[in-house]
1. Take residue 18 and tell me if it is outside any strand (DSSP E or B), among the polar types (S, T, N, Q) and under 27 Å from the mean Cα position of the chain (by Cα).
2. Starting from residues that are part of a loop (DSSP other than H, G, I, E, B), within 14 Å of the ligand (Cβ to nearest atom) and not small (Gly, Ala, Ser), keep the ones in the stretch 409-455 and report whichever is surrounded by the fewest Cβ atoms within 10 Å (Cβ to Cβ).
3. List every residue pair whose Cβ atoms sit under 8 Å apart, with the two residues 6 or more apart in sequence or on different chains, where the first one lies in the stretch 193-220 and is closer than 18 Å to residue 181 by Cα and the second, anywhere, is within 14 Å of the ligand (Cβ to nearest atom) and of a type in the set (Lys, Arg).
4. Could you pull out the residue among 383, 340 that is open to solvent by less than 30 Å² (accessible area, probe 1.4 Å) and either under 30 Å from residue 449 (Cβ atoms) or within 25 Å of the chain's Cα centre (by Cα) (or both)?
5. If I go through the stretch 158-180 residue by residue, how many of them are touching a Leu at 6+ places or on another chain (Cβ under 7 Å), more than 22 Å from residue 120 (Cβ to Cβ) and in a helix (DSSP H, G or I)?
6. Could you tell me how many of the residues in the stretch 52-70 are surrounded by 24 or more Cβ atoms within 10 Å (Cβ to Cβ) and more than 30 Å from residue 329 (Cα to Cα)?
7. Looking at residue 186 and the list (1) within 10 Å of the ligand (Cβ to nearest atom); (2) touching a Lys or Arg at 6+ places or on another chain (Cβ under 8 Å); (3) hydrophobic (A, V, I, L, M, F, W, C), which single condition is not satisfied?
8. Restricting the stretch 219-242 to residues that are within 6 Å of the ligand (Cβ to nearest atom) and β-branched (Val, Ile, Thr), which is farthest from the chain's Cα centre (by Cα)?
Amino acid sequence: MSKLQLNKSWKYADALESTDHIRLKEKYDLFINGAFVKPNSKKYFDTINPATDEVIAKIAEANKKDIDLAVKSARIAFKSWSKLPAKERAKYIFRIARMIQERAKEFAVIESMDGGKPIRESINVDIPLAANHFFYYAGWADKLEYAFPNKIPKPLGVAGQIIPWNFPLLMAAWKIAPAIACGNTVVLKPAETTSLTALKLAEIIQESGLPKGVVNIVTGAGNTGAELVNHPDIDKIAFTGSTNVGKLIQKCISGTKKKSTLELGGKGANIIFEDAAIDQAVEGIINAIFFNQGHVCCAGSRLFVQESVAKDVIEKLKDRMSSLIVGNPLDKNTDIGAINSKEQLATINKYIKIGKKEGGEIYQSKCSISKKGNWCPPTLFLNVSQSHAIVQEEIFGPVLAIQTFRTIDEVIEKANNTPFGLSAGVWTEKGSKIFKLTQELNAGVVWANTYNKFDPASPFGGFKESGFGREGGLHGLKAYLKFE
Ligand code: NDP
């Protein structure tokens, strides 16, 4: 076997992204009816840089009264927005996309400061993909009758949208763009730890001239989200987040007329067959689990390697892990940034402890970690089985559980033996194997010889405890329409 030995040959000089151009306010208010307004609660909470523990800004906490104001403004705006010629709606959405592009660097830096993700990922993935979603759905706005032939598509009304902290701007784009393209109006609640880029998006929305009340952005924690879910004048709840909160939301809205889509957790299987291009597969494993510190719903957190190549794959994987740079999210060399919050770090560490206690063999690459901030070195576990908690439960961090398999039927059964059904990856030279697995794996998305690839035209969503409904593509439009 030829070893990659990456760690021994490469050393990088610091390459810090400048923050000079970033203009942040000390305090951010709620964005309701086209204006920034003070919260009725009079309360603000801190948003913290997870790499330095510094407070970046204060964010308004919306209460029941604020939610009511936001929903009322969305309801009033719906009357005219839904009747506006679709071509006019498209122009606004297109303008928002262009403005995100123009301010891409600023958004990328703020995303990395607020959320801890490596700047390389914010620049190359989060921000361009967010702009692309607005472009894509701007294109569909005046073509809905061609998207759904022989039907008359109508908007649902006011959508309450709740998003998580792992891809803050991108999740906001996934929610807002298709909803308003279809003629709905929205009230969006970002996650407590990463509200900044949604509020920056509110600035863009204001500048774009989008009619008042079409998009309202209300910040706060879980209680604010619950007020939105329970508001009686909401037509649809679009939620992305954990399975536990998804289940709570479903209980709250059962028996009401509210429509819903729930995009929930995952525990993706990444499957390496002996005939795969092994070096590429190793790179794919790294990308599948360590992208965004593993804070990815579709992360390939369960690795299945065919027994005959397991030794080779694991050795190369450990070697590649030792070359990953953990550190300042604003350094362009960084591969793994900061864990999003102290709470999330505690969850990850809890699972690492459980993994060890249950008999798993741990490997963590060596890295020097700053005393300030929240950090977790890339971690893998060997000697684990289907019954281990770290194999069954979502950790949402840079922790990989590795198992082996001998036959294709065995790996399909193991991969499907999970409460989740969001994503999977298959690495093989054989197209026939790929087709068999894409049909038999219980996952909303299956990547072949790649991982974590996203496109606005491609639907994304899960089965089982990973939720229901799709975002992206035509499926993403359908979730915001009713048909006559
Ligand atoms: P949470 O479920 O904790 O939170 C998601 C959002 O819901 C946040 O805005 C949160 O507010 C809010 N919230 C919390 N409690 C309630 C409540 N009772 N009623 C209404 N809203 C509430 O998830 P995380 O933010 O921790 O995100 C991680 C999870 O998201 C993972 O499980 C991941 O797999 C999943 N996810 C799924 C995706 C998919 O497409 N399937 C994509 C991305 C992530 P606050 O943060 O302020 O507490």
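1. Values: outside any strand (DSSP E or B): yes; among the polar types (S, T, N, Q): yes; under 27 Å from the mean Cα position of the chain (by Cα): yes.
It is true that residue 18 is outside any strand (DSSP E or B), among the polar types (S, T, N, Q) and under 27 Å from the mean Cα position of the chain (by Cα).
2. Restricting to residues being part of a loop (DSSP other than H, G, I, E, B), within 14 Å of the ligand (Cβ to nearest atom) and not small (Gly, Ala, Ser), the top hit is 419.
3. Between residues of the stretch 193-220 that are closer than 18 Å to residue 181 by Cα and residues that are within 14 Å of the ligand (Cβ to nearest atom) and of a type in the set (Lys, Arg), the close pairs are 217/189.
4. Working: 383 fails: open to solvent by less than 30 Å² (accessible area, probe 1.4 Å).
One residue alone meets the criteria, 340.
5. Residues flagged as touching a Leu at 6+ places or on another chain (Cβ under 7 Å), more than 22 Å from residue 120 (Cβ to Cβ) and in a helix (DSSP H, G or I) within the stretch 158-180 amount to 3.
6. Of the residues in the stretch 52-70, 3 are surrounded by 24 or more Cβ atoms within 10 Å (Cβ to Cβ) and more than 30 Å from residue 329 (Cα to Cα).
7. (1)
8. Taking the stretch 219-242 first, the residues within 6 Å of the ligand (Cβ to nearest atom) are 221-222, 225-226, 229, 240-242.
Applying the additional criterion that residues be β-branched (Val, Ile, Thr) yields 229, 240.
Working: 229: 20, 240: 8 Å.
Looking at the filtered set, the residue picked out is 229.
The values are calculated or read from the model by the stated rules, or taken from the named source; none is laboratory data. This one's a predicted model, so the numbers in the text were calculated from it and none came from an experiment. Note: ideal-geometry Cβ built from the backbone for every residue, glycine included; neighbour counts use all protein chains shown. Ligands, DNA and RNA are stripped out before the accessible areas are found, and what is left, the full protein with its side chains, is counted by its heavy atoms. Shrake-Rupley method; radii C 1.70, N 1.55, O 1.52, S 1.80 Å.
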